[in-house]
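Heads up: the structure comes next, in structure tokens.
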Amino acid sequence: MTLDTGVLLLGEHSPTRLAALAQLAEALGYGYVWYADERFFREVYSGLTVIATRTSRVRLGPCVTDPYARHPALTAMAIATLDEISGHRAVLGLGAGVSGFKELGVARDRPAVAMRETIEIVRALLRGERVAYDGAVVRAAGVRLNFAPPRAAVPIFVASNAPRGLEVAGRLADGAIMQGCVADRALRYFKEHVARGATAAGRPPADVALVARINVCIDDDPRVAKDLMRRSIANSLLAQQPDFPGFVAAGLEVPQGLREKLRGLSYGYGNDALARIAAEVPDVYVDSLTLAGTADDVAAGVARLTAAGIRQLLMFPMDPAGKIERTIERFATEVLPRAARLAGGTTGRMLT
């Protein structure tokens, strides 16, 4: 099986640096550049337009936008426009979202249902149809785009760590994305729930591309790489409370004391309270949810994910000095060749 690769970027970068990072990823052979739709960061479709106009080959899209902060009709409008700007390279990453809903006064109701209804509305609008939709969460009253979308079949990827969300991906999406699915138990959970959704819809499970969304740090000192991951894991704990589906899927227990410390905190990458929680994140969390260590360590993890049926490694690059260019480059030039040798040639640099 051939492994594809993607890079996930946050809206923390200036437009100039964002363009340079996307160009670097394209030059190194990455197949996708994904851009996070995080509330109160730089706006997602503006950034994607920058990427589209500075690249020529990579596929690009939000990872992920949600059904709540932006109506599905507006998402269809935006992704069709991006597809037009990029020359048919747009992809749509959809999830239930975690950031900013409380601050915006937006209710995050019935996420699996909301994602299913969003996919149905977006696909109908991309086909050029007028949509009257009275869903359980999402409604549209005779909506139609005022231009001809360039492609009806923009690929849609559903991101979720929850069983019902992954089953929606299996039923309706082109791909399923799960964050932190490094542990064998989490990989089985991922595949089983996507396959369950696909089978229920009469689809071959193999038609749904499995995408592992993994935080990656490469350092010649493994302890430096692993320590860096603790803050990002604390952020995931905060985002996934109270049920912690990604942690449960990996067989990880979240102690009651840690649950209590998370309660009441606001989600956010700049949350100083997370630094105290990060100090309590054990090594088993790091090893089960991320790829961190030397190039050889990370390559072994990539080879194992490929053997398990992962079709795309969607990497969130991390670096102790904030120079994520180094991680993007080392992953392409050092990790992937090593992983290819370990996996018997099933992965490589140019992957689309």
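The peptide list 106-112, 145-151, put in order of mean Cβ contacts within 10 Å with the highest first, becomes 106-112, 145-151.
Between GLU325 and ARG185, what FRET efficiency comes out of the Förster formula 1/(1 + (r/R0)^6) with R0 = 25 Å and r the beta carbon distance, rounded to 0.05?
Approximately 0.15, to the nearest 0.05.
Footprinting exposure proxy ranking of HIS88, HIS13, fewest other C-beta atoms within 10 angstrom first, gives HIS88, HIS13.
I'd like the antiparallel share, as a percent to the nearest 5, of DSSP beta bridges with both residues in region 103-232. Here the antiparallel bridges make up roughly 25 percent for region 103-232. Counting only Cβ charges, +1 for Lys and Arg and -1 for Asp and Glu, the dipole size of the chain around its Cα centre is about 660 debye. Each of the peptides 196-203, 331-338 was scored by the mean count of other Cβ atoms within 10 Å over its residues; in descending order, highest first, they stand as 331-338, 196-203. Ignoring lysines fewer than eight residues from LYS323 along the same chain, the ones with Cα atoms less than 21 angstrom from its Cα are LYS226. In region 151-305, taking the dipole from charged Cβ atoms about the Cα centre, the farthest positive-side position among GLN256, THR294, ALA173 is held by ALA173. Working ranking of peptides 211-224, 278-291, 54-67 by packing, defined as the average number of other Cβ atoms within 10 Å per residue, highest first, is 54-67, 211-224, 278-291.
Fewest neighbouring Cβ atoms within 10 Å first, the residues GLU120, GLU253 line up as GLU253, GLU120. Each label point was placed 7 Å from the Cα along the Cα-to-Cβ direction; for GLN256 and ALA200 their separation is 3.4 nm. Label-to-label distance for ASP220 and ALA27 is 2.3 nm, based on points extended 7 Å past Cα in the beta-carbon direction. Taking a straight Cα-Cα cut-off under 29 Å and skipping sequence neighbours fewer than 8 places away in the same chain, the lysines within cross-link reach of LYS102 are LYS261.
I need the per residue convex hull volume for the chain, using only the alpha carbons, in cubic angstrom as a whole number. Each step should come with its number before you reach the end.
On the way: hull volume 43.6 nm³, N = 352.
So the per-residue hull volume is 124 Å³.
Read-outs: derived from the displayed coordinates by stated rules, not from any lab. Everything quoted here is computed from the prediction, not taken from an experiment. Here the Cβ is made from the backbone with ideal geometry for all residues, glycine too, and neighbour counts use every protein chain on show.
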